[in-house]
Amino acid sequence: MTNQDLAQKLKDLRDFLIIAGYPEGHATRYSHIARYIEKMKEPATTMMSEGRLGEIPGVGPLVKQYIREILQDGVSSKQLEFEKDAPISVLELVRIPGLGAKTARRLFQEFGITSQAELKTALEADVFVDAAGIGPKTLATWRQYVG
């Protein structure tokens, strides 16, 4: 796994945790660590094999464990723990331009939307007509993206 792949997994973990209801302030550390990893010249896999993941700024014992799990298995126990609160498919929502983790959390919590396919169905059913903070431009962007 490249550093860029690992960084993307950490950014996805951040988004997923926010959508699943984990405190945003705590989840944000994963994107900070991801930015650092993206810039590292040394592969994180090398650092792991040498027992040096803790040298990455912001990486303590638990995050080191999560990074090791991601590098070895492609998924962390942190993600698995929160999959009881939200399906991993909710990450599809943040792939839509302009739709961030907090909006995806709202779509999941208020409307039960867990995927782009479900968002498309909700758009077709005009579910968001009276939804505060979701205006015509936003709806047009979502419709354009999900078909």
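Just so it is clear, none of the values below were taken in a lab; they were calculated from the coordinates. Treat the numbers as computed from the prediction; the structure is a model and nothing was measured.
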Taking the alpha-carbon distance from Lys9 and a cut-off under 16 Å, which aspartates and glutamates remain once sequence neighbours fewer than 8 residues away in the same chain are dropped?
Glu38, Glu69, Asp73, Glu81, Glu83, Glu92
Which of the lysines could a cross-linker span from Lys11 if the Cα-Cα distance has to be under 17 Å and same-chain partners fewer than 8 positions apart are dropped?
Lys39, Lys64, Lys78, Lys102
In percent, what relative contact order does segment 90-147 have, based on Cα pairs under 8 Å that are 6 or more apart in sequence?
35
